[in-house]
Each structure stands twice: as C-alpha cells, then as structure tokens.
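Here the structure is laid out as structure tokens; the discussion comes afterwards.
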Amino acid sequence: MKKNLLSVGSLVALLLVTACNKKDITPAPNMTGSGTSTGGSTAPSTGTTITADAAITTNTTWTATNKYLLKGYVYVRSGATLTIEAGTIIKGDKDTKGALIVEPGAKIIAIGTADKPIIFTSNQPKGSRNYGDWGGVIIAGNAPVNSIVNGALPTIEGGPTTKYGGTNASDNSGTLQYVRIEFGGVAFSPNNEVNGLTLAGVGNGTTMDHIQVSYSGDDSFEWFGGTVNAKYLVSHRCFDDDFDTDNGFSGKVQFGVSLRDPLQADQSGSKAFESDNDASASGNQPQTSAVFSNMTLVGPILNPTAAVYSPQYTAGAHIRRNSAESILNSVFMGFPTNLLIDGAPTAANIASNNARFKNNILAGALTNSNSTGGQRGIIYVGPTGGAGSLTTNNVMSTDSSAWGAATGPLTWLKANANRRYVTADNVQLLNPFNLTAPSFVPRTGSPIVIVSPATAPVVPANFSDDKVTDSFFTKVNYIGAFADPNASGATNWLASWTNFDPQNTDY
C-alpha cells in the first residue's frame, strides 16, 4: 500500500530519473540527528525565497542573497547556463520531489568556496529531514556511453526530453566545486531511481571537485558512461551505493571518502563501489573502465566479532557484469566482504590486466567463508556470477580458471601489493566511524604513514602503474584520502565546507 496517492499526470512528471535495471526498493527510514556541525560559515539567508518550477532556457544567475525552491523537475535546456553564486542555498520541494536537470548542451556553473559552499538540501525543517526528500541533481552530456542502440541515444527514465551520450569525450557541462547535496535521491519504483548526483554521459571538459552527497535515498554518485574526472568526493550515510559506475564510464577520481550508517542499507545490497559494464554484462563499448585512487571507504562494521549492522550490506567493492574498473592506493575497512569479484567476465578483465586492484588496504571484514583461512577480504563468485544485485558474499568459487595465469583470487590479491588486516583498528585512523564528527586522518602508528626509523610506510602508495601515471593524478606518498597530519604540507581537505550533521543545521 502506498502512502501517497498521485494522479497519473503527477506520477509521469515524477519519473524523471537515471538508473540501470538492477535495483530494488526499500522504504527510506525516518532519521534523527544529534550533532552540531554547521558545515562552513554560510549563514542562513534572510533574502526572498524564489520558486523555480519552469525550464531555464536563457542564461540565469541564482544569487546568495536569495534562497531557491525547486518544485518538480527544473530543466536547464541546451544553450542555457545556470550560474549559482557561492553560498547559495537551494532546497528541493518534498511534495513534488523537486530536482535540477542540466541537459546536454546546457551548463551549470556552481563554484562555491570552503567558507561558502553551495548547498542543495531538503525543504523540511531540521530534525524532520529524510532520505529522498527531493530528487537530486542530474547532469547529462554528450560524451560516449555504451547504451546507444542503433544510433538511438538513451533517455533519462521518465524524462522524454532528456537524451544523453554521444561522441564528444571532452564535452563540457560546466563546473561543480564546493557543493553539498543533502537528502536527495528517490527510489520511486523498480528501475526508476534518482541519485544524489547523477552524471549521464558527462564529458571531461567538465570540472568537478569538493562535492559532498549526504543521506541520498539511492546512490550518492552514479555515472552512466561519460569521461568526466573528479577529485575530493564525499559520500555520507547514503542508502544504496556510494560510487556506482555503469554503461562505459571511463573517468578518473582521486581523493574520496565514504562513511556508512550501520543500520541503513538497501535491499539490493549496499556497497561503497558497485560497477557494471551494463546490466547484461555485455561487451558493449566503451567498457566501464573507471580508475579510482586514494579513496577511504568506511563500512558499517566496527567490530567484526560483534558486528551490529544491516544484513543488506554486501561489500566494499562489488565489481561485476564485465566491468574493468580499477582501484588503487585506497583503504577499505569494515565491510562484510571488502572486495567482491563477480563472474567470469570480470575475472577475465583481471586476467588480461584491464582491471586492476593494487596497493590497497583491506581491513575488518567478516570471517566464516570457505576461502583460505575463512577470510572475506576477497570473495570471487564465478563463473556465472551472483544472482541479482544482492550476491552471496561468503562462498568463494572453486572456479579460478578465469583468472588466467593466476592460481586464484587470493594469489592475485597478494601479488598486487594489497595488504589485509583483521580489524579496522589495525588501520589506525583517528575517528573514522563517528557518524556526525568523523576524522579519517591516520594516527602515527598507522601503516599508511612513515614511522621512524622506517623509510617507508608498511603499505606505500605507488603511482607507477599506467592507470595512474597521467597528469590528472596527484602523486602523493600515501594511500587513502589523507596524509599523516604531522607531515609537511598535509591538509585536511574536508575542513570548513563539509557537514556531517545536516539533519540539525539551520538553512
């Protein structure tokens, strides 16, 4: 039984979404908060609230002296540029599931600062905000995707005017810097979901850095093809996946954090990374081949021997359906299984060296699997892969032939300078599991940092792999998202602009 009754016309208007055909629906939980973080020095605006409920067809500027309310789906049409000033607050209307859609050929210029981030949030009062209060931000571009069929471009589901994808890898959809997106992301029905930030066919001429998505009712970040690159991304307490890559996404991401709420997860199986080439594991080109480096992924399990967490959590990284995604120089901690390799096509991408997993820490996974030592640092499900999205993650397949010359997944994991630890405590981060005031920087005793008289960390960074040698990647000397805070030049890039308790913030 549905709580809200909508007219047919209203329902059609609400079904503008980008998603792949793989999701299930879980009702969003009620949320409460107790922290005091304000996330930057942006003060609540005292100006006029302006309702945005029509398509933007000419160049338009939203100023920080006003607030803006998105009612229904607000399109920025091709040829128009929406400029949003630093410190501007934009709220999504709960009743109409307001959302902002930047179409191919349009641009968004949203350049905040550390002290004045641009904030997209719920229009509900503090203490009453919830997952999926509004629709989120969708950007669509003209970059390559693998879901073009006989020349027909894919469509953002429910939005007949918004097709995306093309041949322009350097397409430019604008700039997002120092932006927060809170309480967006709606799962209307199966295969009809809006994420916190949806990027569909977005090109690498687009600039994206310092973006935080919190309490998304579906994924925090989802890429459908495209080539856009990004740095400094934060996923906080999302409901489904933190970083979801599909349909030929081939961009690069460096420096990112995810933090999970132990009790909130989607029945489709929540993960930090979920990656498909497409829903049918086809060989369609371009292949999903995103590269992530210097990520810190904090899961729901603080103590693997006394775990209290939603059973709908699946893995730190679930690489499946012929994806060739690569993850390097990163930290996974506190997931039931830290790395889940799903299906022979995915294993074949590893055997051919198209997909890589190197110089990573895997810590605090559960045990009691049939793999070596009962560990669940890595599980391989093969040859046909798991059933649906929520894949059994405690049974290691006996089929290792798909791994080519490797004798099996555990041998491969060890051979690529990855290191496993029994508990998350072994990683020695300052306060990574705190949901409203976390700190992800390493302690002095962390294997990430150099401890005298050693000349290198226990788990050093490595940027010699050709996946991370190009100029996009900053060649830091540490893995994970943060350096030793005592190191020369170390900075905490989360400072000032992020907010880990938007439930209790006055907007």
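The values are calculated or read from the model by the stated rules, or taken from the named source; none is laboratory data. Bear in mind the structure is a predicted one, so any value in this text is a computation, not a measurement. Cβ placement follows ideal geometry from the backbone for every residue including glycine, while neighbour counts extend to all protein chains displayed. Heads up: the accessible areas ignore ligands, DNA and RNA and are worked out on the full protein's heavy atoms, side chains in. Shrake-Rupley method; radii C 1.70, N 1.55, O 1.52, S 1.80 Å.
Here are the numbers:
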quantity: Region 91-207, relative contact order in percent, only Cα pairs under 8 angstrom and at least six apart counted; calculated: 35 percent
quantity: Per-residue SASA entry for residue 77, accessible area with 1.4 Å probe, Å² rounded to 10; calculated: 70 Å²
quantity: Accessible area of region 56-192 belonging to carbon and sulfur atoms, whole % at 1.4 Å probe; calculated: 49 percent
quantity: Read-out percent of Cα pairs over 35 Å apart, derived from the coordinates shown; its label in (i) 42; (ii) 30; (iii) 27; calculated: (iii)
quantity: Protein accessible area in region 267-325, 1.4 Å probe - carbon and sulfur %; calculated: 50 percent
quantity: R0 of 41 Å, Cβ-Cβ distance residue 370-residue 149: FRET efficiency to nearest 0.05; calculated: 0.50
quantity: Computed over the chain: relative contact order in percent, which uses C-alpha pairs under 8 Å that are six or more apart; calculated: 12 percent
quantity: Computed over region 334-474: relative contact order in percent, which uses C-alpha pairs under 8 Å that are six or more apart; calculated: 23 percent
quantity: Solvent-accessible area per residue, Å², over region 84-196 with all protein chains present [probe radius 1.4 Å]; calculated: 30 Å²
quantity: Sparsely packed trypsin sites (Lys or Arg not before Pro) within region 427-490, loop by DSSP, other Cβ within 10 Å at most 14; calculated: 475
quantity: Proximal aspartates and glutamates to residue 116, defined as alpha-carbon separation beneath 18 angstrom and excluding residues fewer than eight positions away on the same chain; calculated: 85, 182, 209, 501, 506
quantity: Per residue accessible area of region 333-414, 1.4 Å probe, in Å²; calculated: 35 Å²
quantity: Mean-position separation - Cα centroids, region 48-87 and region 179-252, in angstrom; calculated: 21 Å
quantity: Sites residue 398 and residue 466 - FRET efficiency at Förster radius 35 Å, r taken between beta-carbons, to 0.05; calculated: 0.60
quantity: Highest average packing first - 494-504, 279-289, Cβ atoms within 10 Å; calculated: 494-504, 279-289
quantity: Out-of-range pairs (alpha-carbon distance over 26 Å; input 107/231; 231/358; 163/252; 126/271); calculated: 126/271
quantity: Calculated [θ] (222 nm, deg cm²/dmol) that DSSP helices of n ≥ 4 give over the chain, each run adding -39,500 (n - 2.57); calculated: -1000 deg cm²/dmol
quantity: Estimated D of region 409-507 in µm² per second, where Rh is the Kirkwood radius over Cα pairs and Stokes-Einstein applies at 37 °C, 0.692 mPa s; calculated: 208 µm²/s
quantity: Region 284-325-region 432-507 distance, computed between alpha-carbon centres (Å); calculated: 19 Å
quantity: Approximate shape of region 274-392 as ellipsoid semi-axes (Cα gyration tensor, √5λ), whole Å, largest first; calculated: 24, 16, 12
